[in-house]
Amino acid sequence: MSSPITYTLLLLLASNVFMTFAWYGHLKNLSTSPWYIAAFASWGIALFEYLLQVPANRIGFTVLSLAQLKIIQEVMTLLVFIPFSIFYMNQPFKWDFVWAGLCMLGAVYFMFRS
């Protein structure tokens, strides 16, 4: 059977896909709609984010500290956001994505060191 960390990582990854679409997908798909239509659509998508995020945090908290859970969440956000930005929103690749990722690796180091 998989470990709690594996379940946590998979749930957080899926949660971040929903989160990213809820937060930013409306900029592409609903840009001509009133803001409140985009807000309701985003809330509908965000429900699925929370249905994954809450169990991920509960499972993860059995083996990880709160700070470790948070930094994992931030890394997952960046891992999902960069491909979303480039491939879905047609934004250009920027080396700043790489530098931000390296900074995140530093943050992971500090949160997980003994």
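Ranked highest first by average number of other Cβ atoms within 10 Å, how do 96-104, 3-11 line up? Show your work: numbers first, answer last.
Details: 96-104: 12.1, 3-11: 16.2.
Most protected by this proxy first, the peptides run 3-11, 96-104.
Note on segment 9-32 and segment 62-114: Cα centroid distance 15 Å, given to the nearest whole angstrom. Hey, what angle do you get for helix 95-112 against the long axis of the chain, alpha-carbon based, 0 to 90 degrees rounded to 10? Approximately 30 degrees, to the nearest ten.
Highest first, please rank the peptides 79-85, 44-50 by the mean number of other Cβ atoms sitting within 10 Å of their residues. Please list the in-between numbers first.
Working: 79-85: 16.7, 44-50: 14.9.
Output ranking for 79-85, 44-50: 79-85, 44-50.
From most to least packed by mean Cβ count within 10 Å, the peptides 31-37, 64-70 give 64-70, 31-37. Assuming charge only on the beta carbon of Lys and Arg (+1) and of Asp and Glu (-1), the dipole of the chain about its Cα centre is about 80 debye to the nearest 20.
P(r) for the chain, from all Cα pairs and a bin width of 5 Å, is 2, 12, 18, 19, 19, 15, 10, 5, 1, 0, 0 %, short bins first. Evaluating 6.51 cos²θ - 1.76 cosθ + 1.60 at θ = phi - 60° for every residue in segment 53-63, the Karplus couplings come out as 5, 4, x, 4, 5, 5, 5, x, 5, 6, 10 Hz, glycine and proline recorded as x.
FYI, it's all coordinate maths here, none of it is from the lab. Note that the coordinates shown come from a computational prediction; the quantities given were computed from them, not determined experimentally. Ideal geometry is used to build each Cβ from the backbone, glycine not excepted, and the neighbour counts take in all protein chains shown.
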